[in-house]
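**Q** For reference, the structure I am asking about is given below.
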Amino acid sequence: MEFSTFNLHTEIAAGIKAAGYTEPTPIQVQAIPPALEKKDVMGLAQTGTGKTAAFVLPILQRLFEGSHGPVRALVIAPTRELAEQTHETFRTLGRRTGLRCASIYGGVNIKTQIKKLRAGVDIVVACPGRLLDHMNQRTVNLSNLEVLVLDEADRMLDMGFLPDIKKIIKQIPRSRQTLLFSATMPDGIRKLTKDILQTPVTVQVDHTAPLNTVTHALYPIDQSLKTGLLLKVLSKTDTESVLVFTRTKHRAKRLGVQLQKAGYRAASLQGNLSQNKRQEALNGFRDRSYQILVATDIAARGIDVSCISHVINFDIPDTTDAYTHRIGRTGRAAKTGDAFTFITREDEPLVRSIERVLGEKIERCTLEGFDYKPAPSRNTDTARPQREPQQQWKKKKKPMSWTSAAALSYKKKPARKAAM
Ligand code: AMP
């Protein structure tokens, strides 16, 4: 299918060309036509599928046609990084439309945002907390809103934003188009969709989608040896950009420093950083001045870096959903990637859940030449890291059909693992 099938304005087609998109991705093929018809859409798609442009293009088309000035479209996103990325997508695809977009999130000066809003914007991309601040202070006027997008809705639920979202929705026009995107469909989101979407068209990328090609491998290891194993894996593997996940902020920070000491261009991204530092780490990872980024799940939400060849789960994620989200960082937009997961004996039940979701056993790898004997010393890696309270993970009682469909879209390809 061609983008021309959508009959978008030439100004928007120019944006698509500038972005370098040659044909629509499967989620775009499915979601753009109903969204252009002003229908509500529930998009079941994970990050990396092209879901952002799937809502950005119909919004640009709709807003281009009417009056410019009041806020007519609002996108709510769970993290600052995702909000920034979506803002950037509006800027790239809408560069010739004259439509103005503002991003609104906490951790930065509110006055600058107020100034921008006062000057007049057509689209607001916001995180829930700061948006509510603006709504309460009446520094944003949403009375002309025509389109609402809830992006990565499942992650907003995980992060405890549901009450804020409900408050926002109560204060915006009822007569509007609503688009909701989520990688998974937990009960809270299912209920929300019933409450806020009007006879939605449901679209999803099925498991034959050729987008994501990720190879999975498990590295059984003693907790105390993980850092050594990571260094060995990195030294033996041909990688582009590498994203390493740890369970806690502290571990992310410490591992980032250890990698730097070992000579790698590495940075860490975790919740304790100031917005400037986060942006610096992200920009550095994006422009490849950092080859390795060590991050926690929440901090990594919304990272869109196209050349991530490897996602390494230094600590296994707590849920199969989180595994799906993490590996969605590699193999993006038709590229291929590898997902390595370091596992200890206690991780076995989770590994089995992940394998169930993938529908196949994941290969266990041993690195030749690596000394697997646990060190007798007081290594701080030894204790299993505890979750941090602000990471509001929820254990799922039953496997979710959505996760299965999403994760199954990761196709097998010949392994590009560390040399054994
Ligand atoms: P998303 O799932 O929206 O985070 O998009 C993942 C990546 O795919 C981003 O880097 C987009 O710029 C890219 N992308 C989106 N649509 C297309 C397309 N039609 N062709 C090629 N790349 C795309």
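The values are calculated or read from the model by the stated rules, or taken from the named source; none is laboratory data. Note that this is a predicted model, so its numbers are computed, not measured. Neighbour counts are summed over all protein chains in view; Cβ atoms, including those assigned to glycine, are modelled from backbone coordinates with ideal geometry. Accessible surface areas use protein heavy atoms only, side chains included; no ligands, DNA or RNA. Shrake-Rupley method; radii C 1.70, N 1.55, O 1.52, S 1.80 Å.
**Q** Could you identify the single residue in Val125, Val75, Val121, Val149 that is touching a strand residue (DSSP E or B) at 6+ places or on another chain (Cβ under 6 Å), in a loop (DSSP other than H, G, I, E, B) and open to solvent by less than 10 Å² (accessible area, probe 1.4 Å)?
**A** Numbers: Val125 fails: in a loop (DSSP other than H, G, I, E, B); Val75 fails: in a loop (DSSP other than H, G, I, E, B); Val149 fails: in a loop (DSSP other than H, G, I, E, B).
Val121 is the lone residue from the list that is touching a strand residue (DSSP E or B) at 6+ places or on another chain (Cβ under 6 Å), in a loop (DSSP other than H, G, I, E, B) and open to solvent by less than 10 Å² (accessible area, probe 1.4 Å).
**Q** Pairs needed: first member in region 10-30, farther than 18 Å from His87 by Cβ and in contact (Cβ under 8 Å) with a residue 40 or more places away in the chain; second member anywhere, within 6 Å of the ligand (Cβ to nearest atom) and of a type in the set (A, V, I, L, M); C-beta distance under 8 Å; at least 6 residues apart or different chains.
**A** So the pair list comes out as Thr25/Ala53; Thr25/Ala333.
**Q** Additional query: Please specify each residue of region 152-182 satisfying the condition of being crowded, with 19+ Cβ neighbours inside 10 Å and not in a helix (DSSP H, G or I).
**A** Here is the first cut: in region 152-182, the ones crowded, with 19+ Cβ neighbours inside 10 Å are 152-159, 161, 165, 168, 176-182.
Of everything in region 152-182, those that are crowded, with 19+ Cβ neighbours inside 10 Å and not in a helix (DSSP H, G or I) turn out to be Glu152, Met159, Phe161, Arg176, Gln177, Thr178, Leu179, Leu180, Phe181, Ser182.
**Q** Hey, among Ala14, Ala31, Ala53, which residue is within 12 Å of Gln204 (Cα to Cα) and small (Gly, Ala, Ser)?
**A** On the way: Ala14 fails: within 12 Å of Gln204 (Cα to Cα); Ala53 fails: within 12 Å of Gln204 (Cα to Cα).
Of Ala14, Ala31, Ala53, the one residue that is within 12 Å of Gln204 (Cα to Cα) and small (Gly, Ala, Ser) is Ala31.
**Q** Which one of these is assigned by TED's automatic domain parsing to the domain that holds Arg326 and modelled with pLDDT of 90 or more: Val257, Val201? Quick ask: steps written out before the conclusion?
**A** On the way: Val201 fails: assigned by TED's automatic domain parsing to the domain that holds Arg326.
Result: Val257 is the single residue among Val257, Val201 that is assigned by TED's automatic domain parsing to the domain that holds Arg326 and modelled with pLDDT of 90 or more.
**Q** Out of the helices (runs of 4 or more DSSP H) lying entirely within region 235-350, which hold 3 or more residues that are farther than 23 Å from Ala83 by Cα and open to solvent by 20 Å² or more (accessible area, probe 1.4 Å)? Walk me through how you get there before you give the answer.
**A** Working: elements: 249-261, 275-286, 297-300, 320-327.
Helices (runs of 4 or more DSSP H) meeting the threshold: 249-261.
**Q** Condition first: under 11 Å from the mean Cα position of the chain (by Cα) and open to solvent by 10 Å² or more (accessible area, probe 1.4 Å). Now tell me which residues in region 82-95 satisfy that.
**A** Residue satisfying the conditions is Gln85 alone.
**Q** So, Ala19, is that one more than 14 Å from the ligand (Cβ to nearest atom), over 25 Å from Ser143 (Cβ atoms) and open to solvent by 10 Å² or more (accessible area, probe 1.4 Å) or not? Can you show your working first?
**A** Working: more than 14 Å from the ligand (Cβ to nearest atom): no; over 25 Å from Ser143 (Cβ atoms): yes; open to solvent by 10 Å² or more (accessible area, probe 1.4 Å): yes.
So Ala19 does not fit the description; no.
**Q** Might you check whether a residue that is touching a residue at least 40 places away in the same chain (Cβ under 8 Å) and of a type in the set (Ser, Thr, Tyr) occurs anywhere in region 163-182? Step through it out loud before you land on a result.
**A** Taking region 163-182 as the starting set, the residues that turn out to be touching a residue at least 40 places away in the same chain (Cβ under 8 Å) are 165, 168, 172, 177-182.
So of that shortlist, the ones also of a type in the set (Ser, Thr, Tyr) come out as 178, 182.
There is at least one residue in region 163-182 that is touching a residue at least 40 places away in the same chain (Cβ under 8 Å) and of a type in the set (Ser, Thr, Tyr).
**Q** Only one of (1) within 24 Å of Cys127 (Cα to Cα); (2) more than 9 Å from the ligand (Cβ to nearest atom) fails for Thr89. Which number is that?
**A** Just one mismatch for Thr89, condition (2).
**Q** Residues to consider are Leu132, Leu142; find the one that is open to solvent by less than 30 Å² (accessible area, probe 1.4 Å), over 30 Å from Leu273 (Cα atoms) and not basic (Lys, Arg).
**A** Values: Leu132 fails: over 30 Å from Leu273 (Cα atoms).
None of the other options fit; the residue is Leu142.
**Q** Next question, about the same structure. From the list Arg155, Arg130, Arg176, which residue is at pLDDT 95 or above and in contact with a Phe, Trp or Tyr (Cβ under 9 Å, 6 or more places away or on another chain)?
**A** Numbers: Arg155 fails: at pLDDT 95 or above; Arg176 fails: in contact with a Phe, Trp or Tyr (Cβ under 9 Å, 6 or more places away or on another chain).
It is Arg130.
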